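For reference, the structure is listed below as C-alpha cells.
The values are calculated or read from the model by the stated rules, or taken from the named source; none is laboratory data. Since the model is a prediction, treat every value here as computed from it, not as a measurement. All Cβ positions, even for glycine, are placed from backbone atoms using ideal geometry, and neighbour counts span all protein chains on display.
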Amino acid sequence: MIDLAKAKKYFYQYTGSYDPDVSRIRLKITHIEHVAANSRKIARLIGLSTEEQDLAELIGWLHDIGRFEQVRLYNTFADRQSINHAEKGVEVLFEDCEIRNFISSSQYDQIIKRAVLNHNKYKIDDDLSSQEQLFCKIIRDADKLDIFRDFLTEKLEDLVHMDSEDVSAEVLSPEFYQAFHDEKPLRFADCKTNMDFLVCILAFIYDFNFEEVLGLILEQNYIPRIIERIDAKDPYTRDRMKKLGEHATEYLKKHTIDKDKNL
C-alpha cells in the first residue's frame, strides 16, 4: 500500500533543508506539486485503479527530487551545464536510500526508478516492461503539461537554460523553426539561443502520449498564450513564432479526440 500522506510529509521535510527564498527552489517545489496532481488525473482519466493512481502520483512527487541538489551545487536547471537531474534523483532515492522514507515497500521500486530515469529523456528506453512503460508515459505527459503552466506563470529568465537578461530579445535559429514544422521533438542540447530553447518546449506537443492531454493543451490555449508572453522583439523571430503557434494549433486540433473530456 502506498501512503501518500507519509510521502508528501517527507517531501516537504526533505525540501525544507533547501533555502525556500531561492527562486529556483520555490519554482521546483511548485512544479512538483502540480506534476503530482497531473499524474493522478491522467491515471484516473485513462482508467487505472486507485492503487495505480497512487503510484502515478507518488512518481510525480519523486520525479524531480534530483533538482534540489542540482540547484544547491550548480545554481542551474541546465543538465548539460551541470548534472543529469534524473540520474541524480535515482542516486538520491536508491543509493542514498531516501526511497524508504517515501514508501515502505520495495514492490514498486523498479517502476519508480525507470520512471524517474526516463522522465527527461529524448525518448523512452526500449527495454521496459509494459507497466514501466505506462508509468513513464504518465510522468512524461504530466511533467510536460506543467512546464507549459510554468512558462505562463514564472519569470522566463528563471526557466531558460542559458543566462539572459531579456529572453524576448533573442533570435530563433532557422533550423529550429523548420524542425518544428517537420513535427519533430527537438533536442535541448542543440539549442543555440534561449528562443531555440522555448521552441523546444513548444515542440513537446509532438511527444505527448495521451490524446486527452493534448485536448487540455488546446482547451487551455497554452501555445498562443506562451508565444504572446514571450513577445519576441526581433521581426524575423516574431513572425516565425506566430507561424509556429498557428501550426501547433492545427496539429492539436487534428490529434485531439473527444474534446468534451478534460482533466
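Among the numbered criteria (1) touching a helix residue (DSSP H, G or I) at 6+ places or on another chain (Cβ under 8 Å); (2) touching a residue at least 24 places away in the same chain (Cβ under 8 Å); (3) surrounded by fewer than 14 Cβ atoms within 10 Å (Cβ to Cβ), which single criterion is violated by Asp125?
Here Asp125 meets the rest and fails (2).
The conditions are (1) closer than 21 Å to Leu159 by Cβ; (2) more than 21 Å from the chain's Cα centre (by Cα), and Glu51 fails exactly one of them. Which is it?
(1)
Can you name the number of the only condition in (1) buried (at least 20 other Cβ atoms within 10 Å of the Cβ); (2) aliphatic (A, V, I, L, M); (3) in contact (Cβ under 8 Å) with a residue 60 or more places away in the chain that Ala78 fails?
Ala78 satisfies every listed condition except (1).
If you go through segment 215-230 one residue at a time, do you hit one that is closer than 16 Å to Pro174 by Cα and over 13 Å from the mean Cα position of the chain (by Cα)?
Restricting attention to segment 215-230, the residues satisfying the condition of being closer than 16 Å to Pro174 by Cα are none.
For segment 215-230, residues closer than 16 Å to Pro174 by Cα and over 13 Å from the mean Cα position of the chain (by Cα): absent.
Name the single residue that is nearest to Leu145 (Cα to Cα) among those in segment 225-239 being crowded, with 21+ Cβ neighbours inside 10 Å and in contact with an Asp or Glu (Cβ under 9 Å, 6 or more places away or on another chain).
Filtering first and then ranking leaves Ala232.
For segment 29-44, indicate whether the set of residues that are farther than 28 Å from Asn75 by Cβ and in contact with a Phe, Trp or Tyr (Cβ under 9 Å, 6 or more places away or on another chain) is non-empty. Give the derivation first.
If we filter segment 29-44 for residues that are farther than 28 Å from Asn75 by Cβ, which is where we start, we get 40-44.
Subset that is in contact with a Phe, Trp or Tyr (Cβ under 9 Å, 6 or more places away or on another chain): 42-43.
Checked against the condition, which is being farther than 28 Å from Asn75 by Cβ and in contact with a Phe, Trp or Tyr (Cβ under 9 Å, 6 or more places away or on another chain), segment 29-44 yields at least one hit.
Only residues in segment 19-43 that are without any contact (Cβ under 8 Å) to a residue 24 or more places away in the chain count as the first member; pair them with residues that are buried (at least 18 other Cβ atoms within 10 Å of the Cβ), Cβ under 7 angstrom, at least 6 apart or cross-chain, and list the lot.
Arg40/Gln53; Arg40/Ala56; Arg40/Glu57
Condition first: more than 14 Å from Trp61 (Cα to Cα) and acidic (Asp, Glu). Now tell me which residues in segment 80-100 satisfy that.
Of everything in segment 80-100, those that are more than 14 Å from Trp61 (Cα to Cα) and acidic (Asp, Glu) turn out to be Glu87, Glu91, Glu95, Asp96.
Taking the conditions exactly as written (closer than 24 Å to Gly215 by Cα and in contact (Cβ under 8 Å) with a residue 40 or more places away in the chain), does Ala142 satisfy them or not? If you could, list the steps in order and put the result at the bottom.
Numbers: closer than 24 Å to Gly215 by Cα: yes; in contact (Cβ under 8 Å) with a residue 40 or more places away in the chain: yes.
It is true that Ala142 is closer than 24 Å to Gly215 by Cα and in contact (Cβ under 8 Å) with a residue 40 or more places away in the chain.
Exactly one condition in (1) in a loop (DSSP other than H, G, I, E, B); (2) free of Cβ contacts under 8 Å to residues at least 60 places away in the same chain is false for Leu73; which is it?
The single condition Leu73 does not satisfy is (1).
Ile65 - would you say it is of a type in the set (Val, Ile, Thr), in a loop (DSSP other than H, G, I, E, B) and modelled with pLDDT of 95 or more? Even if it seems obvious, please write down each step before you answer.
Working: of a type in the set (Val, Ile, Thr): yes; in a loop (DSSP other than H, G, I, E, B): yes; modelled with pLDDT of 95 or more: yes.
Yes; evaluated as a whole, the condition is true for this residue.
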